[in-house]
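First up is the structure itself, then whatever we jot down about it.
The values are calculated or read from the model by the stated rules, or taken from the named source; none is laboratory data. Model, not experiment: these values are computed from the prediction. No Cβ is skipped: glycine too gets one built from the backbone with ideal geometry, and neighbour counts run over all protein chains shown. These accessible areas exclude ligands, DNA and RNA; they are computed on the full protein's heavy atoms, side chains included. Shrake-Rupley method; radii C 1.70, N 1.55, O 1.52, S 1.80 Å.
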Amino acid sequence: KHINRSLAALGDVMEALDSKDRNRHVPYRNSKLTHMLQPVLGGNSRTVMILTVPPSLSTAQETLFSLQFAARARNIELGPAKRRVHIKNTAQDLQKLSEQLVGLKSAKSRAEAKASDLSRKLHVSEQAMAAIKMEGTKKEDAFRKRYEQQLASLT
């Protein structure tokens, strides 16, 4: 019951806002819902309404009321949202952001150069490690051969 009253009051508020007569009273205080939504519905923001409908026969009457409300609300134009932008601050912010972008681009190029240098150093280190490993394998093979020869000469 209370939901339907609140939705009816919301519809009344929306119709009053849609009215061409700007002196018409907008009944925001007719329900808690409309009173709470007053800042949103006043024209300083965009308003979106989403309707969910259950597919149950037990809620058919509520669904019908909801669809009627949605049809009523669909035809209402609350007007465009008002913008409050200070040009002075925007120009200063744009200048700061431009400077920040230049700094970030230079930091990016430095980081890419450093990453390239580190990648080159890693490649050189990997080659050196492979050479050391190969040299160690050769020495190990030579040691093993000498050991086997010494064993053979003892027997």
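Some notes on this structure:
- Residue in segment 7-22 that is modelled with the highest pLDDT, counting only those that are open to solvent by less than 30 Å² (accessible area, probe 1.4 Å) and in a helix (DSSP H, G or I): Ala9
- Among the residues of segment 23-49, those identified as at pLDDT 80 or above and closer than 16 Å to Ala8 by Cβ are Val26, Pro27, Tyr28, Arg29, Asn30, Ser31, Lys32, Leu33, Thr34, His35, Met36, Leu37.
- Cβ-Cβ under 7 Å pairs, at least 6 apart or on other chains, segment 51-78 side over 21 Å from Leu37 (Cα atoms), far side among the polar types (S, T, N, Q) and open to solvent by less than 80 Å² (accessible area, probe 1.4 Å): Val53/Thr63; Val53/Ser66; Pro54/Thr63
- Residue satisfying condition, being modelled with pLDDT of 85 or more and closer than 30 Å to Arg5 by Cα, within set Thr52, Thr59: Thr59
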